[in-house]
Amino acid sequence: MGDAINNTLKLRDIHLPDSPGFFPLAPGWWLLLILIMLVSIWLILKLLRRMKKKKRHQQIFDEYTMLETRLINNPDNEAIASINIFLRQLAISKYPRSDIASLAGEKWLQFLDKSGNTQEFTKGAGRILVNAPYQSGELQNLNSAEFTPLMRSWIKKVVMAETQIRDRII
């Protein structure tokens with residue numbers, strides 16, 4: 001009897017369905033792709049900002065190097081005045097203009113000391129920034145060996161600093 005049933009039904013083997021294709025993706029994969037794209041865009045923007053900042057810092061140091069070379073080759077009052085103007089422009093770009101623009105004389109030197117974490121402007125080679133514009137003839141009391149590293153140090157501390165705590169300085 002068993003043979004009679006098998007002959008009449010003609011059963012075929014079990015066939016499994018085809019495996020699912022790659023598309024459409026499951027929602028989790030879509031979320032992962034969106035997350036990867038967002039992180040990639042964020043990293044690219046951060047890299048571009050860093051490159052722009054580095055280029056700006058290089059331009060600042062290149063401009064100062066030009067002024068420094070001018071001072072070394074021709075140490076006169078105009079060279080010191082140009083460096084002083086350069087420092088003031090940098091300070092205005094980092095700190096509120098209203099706080100910097102009115103500084104002159106000793107107050108300007110005190111600001112440079114505080115922002116550069118030094119005392120070399122009020123008590124050292126940096127004093128020439130205040131005295132030189134009022135001297136006639138060649139510069140007196142210019143100590144290039146102390147003055148140029150002081151300027152570079154101030155520029156590096158103020159310009160290269162990632163964050164500025166303005167309330168601490170001013």
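Taken together, ILE92, ILE72, ILE60, ILE14 contain a single residue that is among the β-branched types (Val, Ile, Thr) and outside any helix (DSSP H, G or I), which is ILE14. Here are some residues: LEU67, LEU33, LEU43. Which one is surrounded by 10 or more Cβ atoms within 10 Å (Cβ to Cβ), within 30 Å of PHE86 (Cα to Cα) and not aromatic (Phe, Trp, Tyr)? Sole residue among the options that is surrounded by 10 or more Cβ atoms within 10 Å (Cβ to Cβ), within 30 Å of PHE86 (Cα to Cα) and not aromatic (Phe, Trp, Tyr): LEU67.
Here GLN119 clears all of (1) in contact with a helix residue (DSSP H, G or I) (Cβ under 6 Å, 6 or more places away or on another chain); (2) open to solvent by 50 Å² or more (accessible area, probe 1.4 Å); (3) over 22 Å from ASN143 (Cα atoms) except the condition numbered (3).
Residue count for the stretch 109-133 satisfying the condition of being part of a helix (DSSP H, G or I) and free of Cβ contacts under 8 Å to residues at least 24 places away in the same chain: 7.
The rows are residues; the columns are (1) at negative phi; (2) modelled with pLDDT of 90 or more; (3) in contact with a Cys (Cβ under 6 Å, 6 or more places away or on another chain); (4) not β-branched (Val, Ile, Thr).
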site	(1), (2), (3), (4)
MET51	yes, yes, no, yes
LYS55	yes, yes, no, yes
ASP62	yes, yes, no, yes
THR69	yes, yes, no, no
PRO75	yes, no, no, yes
ALA81	yes, no, no, yes
ILE85	yes, yes, no, no
SER93	yes, no, no, yes
PRO96	yes, no, no, yes
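In this structure, does LEU90 turn out to be aliphatic (A, V, I, L, M), open to solvent by less than 100 Å² (accessible area, probe 1.4 Å) and without any contact (Cβ under 8 Å) to a residue 60 or more places away in the chain?
no
The values are calculated or read from the model by the stated rules, or taken from the named source; none is laboratory data. As the structure is a computational prediction, the values presented were derived from the model and not from experiment. Because the Cβ atoms are built from the backbone with ideal geometry, glycine has one as well, and the counts that use them run over all protein chains shown. These accessible areas exclude ligands, DNA and RNA; they are computed on the full protein's heavy atoms, side chains included. Shrake-Rupley method; radii C 1.70, N 1.55, O 1.52, S 1.80 Å.
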